[in-house]
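*Asks:* Can you read through this structure? Questions will come right after.
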Amino acid sequence: MSDNLGYLFAAYTAVWLGIFLYVRRLARRGRELEEEIRDLRRRIES
Amino acid sequence: MWRGVLAILRKDLRIEWRTKESLAGFVVLGVLLVVIFSVALDPAPADAPRLAPSVLWAAFVFTGLLGIQRGFVLERENDCLGGVLASPIDPATLYLGKLATNIVLLAVMQALVVPLVGVLLHAQLGTVLPALLLVLFLGNLGFASLATLFAAMTVRARAREVMLPVLLLPLLVPVLIGGVKATEAVLRGGFGAAAGALGVLVAFDAIFVVAGVLLFEQVIRD
Amino acid sequence: MPLLAALFPWAVLVLMLVAQWLIFVVVPTEAQMGIVQRIFYFHVPAAWAAFLCFFVVAGASAVYLWRGSRAADRLAHASAEVGVLFCTLVLVTGPIWARPIWGVWWTWDPRLTMTVILWAIYAGYLMLRAFGGADEAVARYAAVLGIVGVLDIPVIRVSVRLLHGIHPAVLTNKEGGSGLTDPMMRTTLYVASLAMLLLGGWLVALRVRTGRLEAEVAGLRRELEHV
């Protein structure tokens, strides 16, 4: 029973890790895009 | 509308007949795949007939994917697609015409491959021929309904030619399963046994021929 | 409205944690499969969330094709991505659950088989959008694929039942239909499902925002060329 605990832990780790990594990727991409928008806007105004 | 469909069918088949080399290539590919599967599986003579349905349909699916792409690529290369679209043929007619062409091409390939499988894998396919022909037709219709729709997408750019099998194969799984199971059942005991699998094929055909007719316009626009 | 938007992610987190607490602390252990059965309470909701995402892809794709709404197109793309994420989670938790119970990592039972096929269809959708090129037409092609994928679901479901699966008796246990003996189990499943659903909604909203930013960048780039 106690080694099945390992499987249980692995499954839930996978889920939380998957969600976390995806959110992090989206946040990063969002920041890059916002910076690019600021940069492009500056270049258009000049 | 049906006159338009027949016109497209006749035109396409005439083109295929004129460029016999590529049509021959299509058929030979089917034959080759059957040989390769048979060699790779290497069944004992007693086990061989059991594998016939799977080998058949795996060969059909792969050959079909490669062959149907050609139908549209041929037109793009001669820039005929523009001409066809300029004429007042409505997309539904065009789709059904192409669908019919592809079914005929598949049938021609199968006319050679099916007897070959019977010989190579010692399967008694001749005794159940009418039932087998029905299964093949239903499978071809299902396969071509999606393949015709998606093949038109590859007309625009290169990357998509590689993508066609990747996109189509998971979508076509029901045709593969239905075809194999129906063929198995037909070989074992005629029609009755194949009811479930035939139902799958009929449902698939109904859904995706209608979907194809409705969605084809979206794929050839511009 | 903005207050709602700011609070929503926290609500999602709280609900997920509540679900997690129910799953690990409150719900009783299932008799036949032991503690590993608890994987079920995330595995099944993730599958439901994936299905819902794919239906949204189809709906949004249809709106895009017939109304030309770019927002709908962005929603379709976002929903496909989140759907594939949930599908991946199902395909990862499934084998982890199967291994201690049935001794094998994989079975071709109807549900898992269908999940793999669905994963492949929408992974293909994402590939088409990523590698199909910048052409306008790609969005339309993807929309067609999005609709066709959902139309295929019922047929796939019926056809995979024709395959040899794992032994039926074990199958019903996995489906949980006969296994949910305690009412707390049902409650836990519902709470976890709600949590997954809201999580999915939040992820899609985030992804849609990213899509909007990308569109803005593309627009600004074009403007820059004309300056």
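Read the figures in this text as sums done on the coordinates, not as results from a lab. As the structure is a computational prediction, the values presented were derived from the model and not from experiment. Note that each Cβ is placed from the backbone with ideal geometry, even for glycine, and that neighbours are counted across all protein chains shown.
*Asks:* Can you show me the helix-derived [θ] at 222 nm for the protein assembly as shown, built from DSSP H runs with n ≥ 4 at -39,500 (n - 2.57) apiece and divided by the number of residues, rounded to the nearest 500. Each step should come with its number before you reach the end.
*Replies:* Working: 17 runs with 409 residues, N = 495.
Counting only the DSSP helices, I get -29000 deg cm²/dmol.
*Asks:* Ok, one more. According to the square roots a ≥ b ≥ c of the eigenvalues of the Cα gyration tensor, what is the shape class of the stretch B:2-220, taking rounded for a/c under 1.5, prolate for a/b larger than b/c otherwise, and oblate for the remainder?
*Replies:* Details: a/c = 2.03, a/b = 1.65, b/c = 1.23.
Prolate shape, in that a/c is at least 1.5 and a/b is the bigger ratio.
*Asks:* What does the structure give for C:30-42 when I average, per residue, the other chain Cβ atoms found within 10 Å of the residue Cβ?
*Replies:* Details: counts 0, 0, 0, 1, 4, 6, 8, 2, 4, 7, 1, 1, 5.
Taking the mean over all residues of the peptide, I get 3.
*Asks:* Stick to the Cα atoms of the stretch C:22-160, pair each with every other, and give me the Kirkwood hydrodynamic radius in Å at one decimal.
*Replies:* Working: mean 1/r = 0.0617 Å⁻¹.
Taking every pair of different Cα atoms in the stretch C:22-160, averaging 1/r and inverting gives 16.2 Å.
*Asks:* Suppose every K and R has +1 on its Cβ and every D and E has -1 on its Cβ; what is the size of the dipole of the stretch B:2-220 about the Cα centre, in Debye to the nearest 20?
*Replies:* Working: 15 positive and 13 negative charges, 48 e Å.
Using only the charged Cβ atoms, the result is roughly 240 debye.
*Asks:* Work out the mean other chain Cβ neighbour count within 10 Å for the residues of B:198-208 and drop it here as an integer. Intermediate results must be reported in sequence, preceding the final value.
*Replies:* Details: counts 0, 4, 7, 2, 0, 4, 7, 1, 1, 5, 4.
Partner Cβ neighbours, averaged per residue: 3.
*Asks:* Can I ask one more? If I build a Gaussian network model for chain C, linking alpha-carbon pairs within less than 10 angstrom, which residue out of C:Met184, C:Met16, C:Met114 has the largest mean-square fluctuation?
*Replies:* Checking each option, the largest mean-square fluctuation is seen for C:Met184.
*Asks:* Right, next: Just C:Pro100, C:Pro28, C:Pro110 to compare: in a GNM of chain C, with alpha carbon springs under 10 Å, which one fluctuates most?
*Replies:* Among C:Pro100, C:Pro28, C:Pro110, the largest mean-square fluctuation in the Gaussian network model of chain C belongs to C:Pro100.
*Asks:* Add +1 for every Lys or Arg and -1 for every Asp or Glu among the other residues with Cβ under 12 Å from the Cβ of A:Arg41, and state the total.
*Replies:* Numbers: positive: A:Arg38, A:Arg42, A:Arg43, C:Arg221; negative: A:Glu34, A:Glu35, A:Glu36, A:Asp39, A:Glu45, C:Glu216, C:Glu223.
Cβ neighbours under 12 Å give a net charge of -3.
*Asks:* When the Cα centres of the stretch C:104-126 and the stretch B:31-72 are compared, how far apart do they sit, in Å?
*Replies:* With the stretch C:104-126 and the stretch B:31-72 each reduced to a Cα centre, they are spaced 23 Å.
*Asks:* Still on this structure, I have one more. Which residue fluctuates the most in chain C, going by a Gaussian network model with Cα springs under 10 Å, if the choices are C:Val217, C:Val191, C:Val57?
*Replies:* Of C:Val217, C:Val191, C:Val57, the Gaussian network model singles out C:Val217 as fluctuating most.
*Asks:* Would you mind calculating the relative contact order of the stretch B:2-220 from Cα pairs under 8 angstrom and at least 6 residues apart, reporting the percent as a whole number?
*Replies:* Details: 226 pairs, mean separation 59.3, N = 219.
Dividing the mean separation by the residue count of the stretch B:2-220 yields 27 percent.
*Asks:* What does the convex hull of the Cα atoms come to per residue for the protein assembly as shown, in Å³?
*Replies:* Numbers: hull volume 89.3 nm³, N = 495.
Taking only Cα atoms, the protein assembly as shown has a hull volume of 180 Å³ per residue.
*Asks:* Counting other beta carbons within 10 Å of each residue's own, what order do C:Asp135, B:Asp12 fall into, fewest first? Before the final figure, lay out each step's value.
*Replies:* Details: C:Asp135 14, B:Asp12 20.
In order of increasing Cβ crowding within 10 Å: C:Asp135, B:Asp12.
*Asks:* Still on this structure: Specify the angular offset, from 0 to 90 degrees and rounded to the nearest 10, of the alpha carbon long axis of helix C:110-131 from the longest principal axis of the alpha carbons in chain C.
*Replies:* 20
*Asks:* Strictly greater than 16 Å: what percent of every Cα pair in the stretch C:32-101 meets that?
*Replies:* On the way: 1293 of 2415 pairs.
Of the Cα pairs, 54 percent sit more than 16 Å apart.
*Asks:* Same structure, new question: Just to be sure I follow the rule: in the protein assembly as shown, considering lysines 8 or more places apart or on different chains, how many pairs have Cα atoms under 29 Å apart?
*Replies:* Details: B:Lys11/B:Lys20; B:Lys11/B:Lys98; B:Lys20/B:Lys98; B:Lys98/B:Lys181; B:Lys181/C:Lys174.
Step by step, the pairs that qualify in the protein assembly as shown add up to 5.
*Asks:* Can I ask one more? If Lys and Arg each add +1 and Asp and Glu each add -1, what is the summed charge of the other residues whose beta carbon sits under 12 Å from the beta carbon of C:Ala215? If you can, show how the numbers build up before the last one.
*Replies:* Numbers: positive: C:Arg70, C:Arg74, C:Arg209, C:Arg212, C:Arg221, C:Arg222; negative: C:Asp73, C:Glu214, C:Glu216.
Once positives and negatives cancel, what remains is +3.
*Asks:* Would you please give the FRET efficiency between C:Ile35 and A:Arg25, computed as 1/(1 + (r/R0)^6) with r the Cβ-Cβ distance and R0 = 41 Å, to the nearest 0.05? Working shown, then result.
*Replies:* On the way: r = 32 Å, r/R0 = 0.78.
With a Förster radius of 41 Å, E is 0.80.
*Asks:* Mind ordering B:176-187, B:114-125 by average Cβ neighbours within 10 Å, highest first?
*Replies:* On the way: B:176-187: 24.2, B:114-125: 17.8.
Ranked from most to least packed, the peptides come out as B:176-187, B:114-125.
*Asks:* Using all Cα-Cα distances in the stretch B:175-215, what percent lands in each 5 angstrom bin from 0 up to the longest?
*Replies:* Values per bin, smallest distances first: 6, 28, 25, 17, 11, 8, 4, 1.
*Asks:* Nearest 0.05, what FRET efficiency do B:Val202 and B:Lys20 give at R0 = 41 Å with Cβ-Cβ as r? All intermediate terms of the calculation are to be shown ahead of the outcome.
*Replies:* Working: r = 34 Å, r/R0 = 0.83.
That gives a FRET efficiency of 0.75.
*Asks:* Please give me the summed charge of the neighbours of C:Val160: other residues whose Cβ is under 13 Å from its Cβ, Lys and Arg +1, Asp and Glu -1.
*Replies:* Working: positive: B:Lys181, C:Arg111, C:Arg157, C:Arg161; negative: C:Asp109, C:Asp152.
Counting the neighbours of C:Val160, the net charge comes to +2.
*Asks:* Expressed as an acute angle from 0 to 90° and rounded to the nearest 10, what is the orientation of the C-alpha long axis of helix C:40-67 relative to the principal long axis of chain C?
*Replies:* Tilt of helix C:40-67: around 30 degrees.
*Asks:* Which residues does the label zone of B:Asp42 cover in the stretch B:107-140, counting backbone N under 19 Å from a point 7 Å along Cα→Cβ?
*Replies:* B:120-122
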